[in-house]
Amino acid sequence: MIYNFAQFIEWPENEPKAPSSFAICVFGEDPIEPILESTVRGEVFQNRAVQVRRAASPVDAKACDIVFVTQSEKKRVPEFLEAVRGTRALTIGDTEDFVALGGMIAFKKQGNRVRFQINPDAATRAGLKISSKLLRLAILQSDTGMKGGA
């Protein structure tokens, strides 16, 4: 799902000296990284090769197009979000309060299903536009409160 979210996001036009790769950065310990790497191997997004990177510090987040903060980094979520403020990075997390803290997309387990919350206000601040198709499937959490979804 992490890579697929990119398909439903409208990023601002690339800067003239945009990097040659589209970076998905994983922060924290999570078994998803090898799966994500095999999923995106050979993929191209916005004319850039997709790469998955393991990153250790919030400073590393500035070079990422997608930042995925895992449960193991729960206490550092505000640090990571602060590090990417002012960039065009899509922030995704799997902690309970990720969206409430200013993240854009958070995975949420409901029974046997995995759903996701989206904070469209956080995306707008980063200059990202989320497709209405994706918003219809999500539980929406704006800066001012929560709204229903599919």
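Overview of values
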| quantity | calculated |
| --- | --- |
| Asn47 out of contact with any Cys (no Cβ under 8 Å at 6 or more places or on another chain), under 25 Å from Pro12 (Cβ atoms) and not β-branched (Val, Ile, Thr) | yes |
| Residue match in the stretch 61-84 (condition: surrounded by fewer than 13 Cβ atoms within 10 Å (Cβ to Cβ), out of contact with any helix residue (DSSP H, G or I) (no Cβ under 8 Å at 6 or more places or on another chain) and at positive phi) | no |
| Residue within the stretch 43-50 that is of a type in the set (Lys, Arg) and in contact with a Gly (Cβ under 7 Å, 6 or more places away or on another chain) present | no |
| Residues being aliphatic (A, V, I, L, M) and part of a strand (DSSP E or B) - total across the stretch 29-49 | 2 |
| Count - residues of the stretch 101-120 that are more than 13 Å from the chain's Cα centre (by Cα) and surrounded by 15 or more Cβ atoms within 10 Å (Cβ to Cβ) | 3 |
| Residue tally, condition surrounded by fewer than 13 Cβ atoms within 10 Å (Cβ to Cβ) and at pLDDT 85 or above, over the stretch 26-59 | 8 |
| One residue from Val67, Val77, Val26, Val52 being closer than 17 Å to Ala126 by Cβ and assigned to a strand (DSSP E or B) | Val67 |
| Residue selected from the stretch 29-52 under the condition charged (D, E, K, R) and more than 19 Å from Glu73 (Cα to Cα), by the criterion nearest to the chain's Cα centre (by Cα) | Glu37 |
| Filtered residues of the stretch 1-23 (kept if touching a strand residue (DSSP E or B) at 6+ places or on another chain (Cβ under 8 Å) and assigned to a helix (DSSP H, G or I)) | Ile2, Tyr3, Phe5, Ala6 |
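The values are calculated or read from the model by the stated rules, or taken from the named source; none is laboratory data. Note that the coordinates shown come from a computational prediction; the quantities given were computed from them, not determined experimentally. So basically every Cβ, Gly included, is an ideal-geometry build from the backbone, and we count neighbours across all protein chains shown.
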